[in-house]
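*Asks:* Okay, here's the structure, questions in a sec.
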């Protein structure tokens, strides 16, 4: 008999206590405003700001130049972008003098030390936002790998305001997470932080010190 | 207070360790300050008592339901994880777990293992098992890094270095890290830690982590953290090993959000943590990062014993938030190290007897005034005082039984049993009771001045010169004669 079989046999020998499946239908405070996107956006922005995230309201036409301007202000010399993404291609098409655009085109093992020491910022999209907690939903993939949002000291995120949902439960239900997930899914709710020394909050523990969200508003179209 | 490198210290010395802790003013003020801070932060996260109660009921319902189906869910989890490409291992004891992990490490020729925070890895003594085999296991959570550098064990399950002041940490960094000048600036100390560990993430062969929730329906491991070191450990090295107790499994993904919000708000008073990291498989052929191999170790280590008993099973509902210790008047005064076990505080007192047996831990279940603060704040409503009373009874029980908890009856005392027998006899028969109380009030002068633990800081107990019965009789006869 293997360890597995012995453990399972002990569990199966224990008394059976029937417990009904928990009711998961209850709604959160935020879901009452699900229909009102302006309430969701405000709640999202407030919660993210409270966790020291920078939020910039922008629109689809203006965000590339806004990103380049912010990068310059923050003295970002090298900006890591994904490969084969529409938003990455739009930045590339601008041929900026600064910052230098880097593509995450090779496996991490091929350029680990450069990634850890030579990249000032990463730029990714987010798949959605969560109003209740001020969280970004990221599904890293081969175009925008996992470490883009973790290793560079600054993380820029492009988020479509229309994708903001009331809460995590709703995101899981509407996006059908229960049917199967990619290798990695992330919720990011601010810059990396720690309070492990005398409960004093410090930012940039191991991940990005700054999290900057470019929130693309549908109503804000350029004339 | 310096601790031995072992993850467990003899229970018999619990009293002397507690006395030493209580007499240490800097330790006392570190814990008092931290407890007040954490209590206030938690309270601010639950402004609505009704919402809190509903959420706790939901958390309890999810955990109780998950446990009721534990063997089925573990099998489903194994099936789904395997289909996702994650290798599942089962370990009955800490030694089994370490052997499995060492085997993986040696197969990859690993020299450095970088660790995210994992209390189960502390429970099995992972660092020492690897060290003995010549493999460095380095903690990367800032608190754990500090504690490891000091050669200590964590004193709190969420905030491992809670017992240290920033001055002590500044001195530690200055002494142990080459070329680091003394500083007590927290931002600077964190920057130093970040710099030291950043190179290690890139260099490590294996990353080790715990698991907060394991989801059976999708085969997903959920990790909750603020620093990003957990993501580093599970993403950068070629191999990721996760270790968890068998009780952490839930059936559905939708069961995670209520437990997640209860965990972050109860633990550190945060509405949400910086990262929730959901891992459902190793790197796919076209992906550019993430581990090539993921292993999950499912550890029993006494959990099936707790599971076998309907009442003791509630112990396994725990989601390891640490709120019970943050609100415990005993923990606040003696700190985490005095317990001598991996898990301190109220949750430690009720889980440790299953992991280590009652023989080694029966002192811990007495370290409570049964005030009930722990169960009042527990996000999954574990009836901790009831469990403490049950374990006290088990420890005092007369005979060792094969089915019950290991070390049952190990605190059994013939004298105490005789005293309680006498008490029961006296209180069950009015004639004996009257006779005994009469004798006690007449011979009160014979009461010993030293009464064991009681007189160490209190005046001796002495029976009253006249019994209540006599006083009442006198009052009644006086009233009659006046009438």
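The values are calculated or read from the model by the stated rules, or taken from the named source; none is laboratory data. All values reported here derive from a predicted model rather than from experimental measurement. Glycine gets a Cβ as well: all are built from the backbone with ideal geometry, and neighbour counts include every protein chain shown.
*Asks:* Which members of region B:403-422 meet the condition of being assigned to a loop (DSSP other than H, G, I, E, B) and surrounded by fewer than 12 Cβ atoms within 10 Å (Cβ to Cβ)?
*Replies:* Hits for region B:403-422 are B:403, B:413.
*Asks:* Find the residue count for region B:231-244, including only residues that are more than 9 Å from chain A (Cβ to nearest Cβ) and surrounded by 24 or more Cβ atoms within 10 Å (Cβ to Cβ).
*Replies:* Adding up the residues that qualify gives 6.
*Asks:* Right, another one. Taking only region B:211-230 into account, find how many residues are outside any strand (DSSP E or B), at the interface with chain A (Cβ under 10 Å from one of its Cβ atoms) and within 15 Å of residue B:274 (Cα to Cα). Walk me through how you get there before you give the answer.
*Replies:* To start, the set of residues in region B:211-230 that are outside any strand (DSSP E or B) comprises B:211-212, B:216-219, B:226-230.
Next cut, at the interface with chain A (Cβ under 10 Å from one of its Cβ atoms) only: B:217-219, B:226-230.
Next cut, within 15 Å of residue B:274 (Cα to Cα) only: B:226-230.
Number satisfying all stated conditions: 5.
*Asks:* A further question follows. Since residue B:397 meets every condition but one in (1) farther than 30 Å from residue B:330 by Cα; (2) out of contact with any helix residue (DSSP H, G or I) (no Cβ under 8 Å at 6 or more places or on another chain), which condition does it not meet?
*Replies:* Only one criterion in (1) farther than 30 Å from residue B:330 by Cα; (2) out of contact with any helix residue (DSSP H, G or I) (no Cβ under 8 Å at 6 or more places or on another chain) is unmet by residue B:397, namely (1).
One line per residue, one yes/no per condition, for (1) in contact with a strand residue (DSSP E or B) (Cβ under 6 Å, 6 or more places away or on another chain); (2) within 11 Å of chain A (Cβ to nearest Cβ); (3) more than 20 Å from residue B:234 (Cβ to Cβ):
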| position | (1), (2), (3) |
| --- | --- |
| B:83 | no, yes, no |
| B:89 | yes, yes, no |
| B:92 | no, yes, yes |
| B:115 | yes, no, no |
| B:129 | no, no, yes |
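*Asks:* Out of A:73, A:32, A:54, report the one residue that is farther than 30 Å from residue B:94 by Cα, away from chain B (no Cβ under 14 Å) and surrounded by fewer than 13 Cβ atoms within 10 Å (Cβ to Cβ).
*Replies:* Result: A:73 is the single residue among A:73, A:32, A:54 that is farther than 30 Å from residue B:94 by Cα, away from chain B (no Cβ under 14 Å) and surrounded by fewer than 13 Cβ atoms within 10 Å (Cβ to Cβ).
*Asks:* In region B:269-298, how many are out of contact with any strand residue (DSSP E or B) (no Cβ under 8 Å at 6 or more places or on another chain) and at the interface with chain A (Cβ under 7 Å from one of its Cβ atoms)?
*Replies:* Adding up the residues that qualify gives 7.
*Asks:* Do we find that residue A:17 is touching a helix residue (DSSP H, G or I) at 6+ places or on another chain (Cβ under 7 Å) and not in a loop (DSSP other than H, G, I, E, B) in this structure? Talk me through it step by step, then tell me what you get.
*Replies:* Details: touching a helix residue (DSSP H, G or I) at 6+ places or on another chain (Cβ under 7 Å): yes; not in a loop (DSSP other than H, G, I, E, B): no.
Judged against the criteria, residue A:17 is not a match.
*Asks:* While we're looking at this one, here's another question. Show me the strands (runs of 3 or more DSSP E) entirely contained within region A:74-169 in which 1 or more residues are in contact (Cβ under 8 Å) with a residue 60 or more places away in the chain.
*Replies:* Where strands (runs of 3 or more DSSP E) fall fully within region A:74-169 and carry at least 1 residues being in contact (Cβ under 8 Å) with a residue 60 or more places away in the chain, they are A:78-81, A:121-125, A:128-130, A:135-138, A:154-160.
*Asks:* Are there any pairs, at least 6 apart or on different chains, whose C-beta atoms fall under 6 Å, with the first in region B:11-23 and modelled with pLDDT of 90 or more and the second not in a helix (DSSP H, G or I), and if so, which?
*Replies:* If the second residue must be not in a helix (DSSP H, G or I), the pairs left are B:14/B:363; B:21/B:335.
*Asks:* Evaluate the following for residue B:170: is it more than 23 Å from residue B:268 (Cα to Cα), within 11 Å of chain A (Cβ to nearest Cβ), without any contact (Cβ under 8 Å) to a residue 40 or more places away in the chain and not in a strand (DSSP E or B)?
*Replies:* yes
*Asks:* Follow-up question, since we're still on this one. Might you let me know whether region A:150-159 holds any residue that is closer than 25 Å to residue B:284 by Cα and within 7 Å of another protein chain (Cβ to nearest Cβ)?
*Replies:* yes
*Asks:* Additional query: Just need a number here: residues in region B:256-277 that are touching a residue at least 60 places away in the same chain (Cβ under 8 Å) and outside any helix (DSSP H, G or I).
*Replies:* 3
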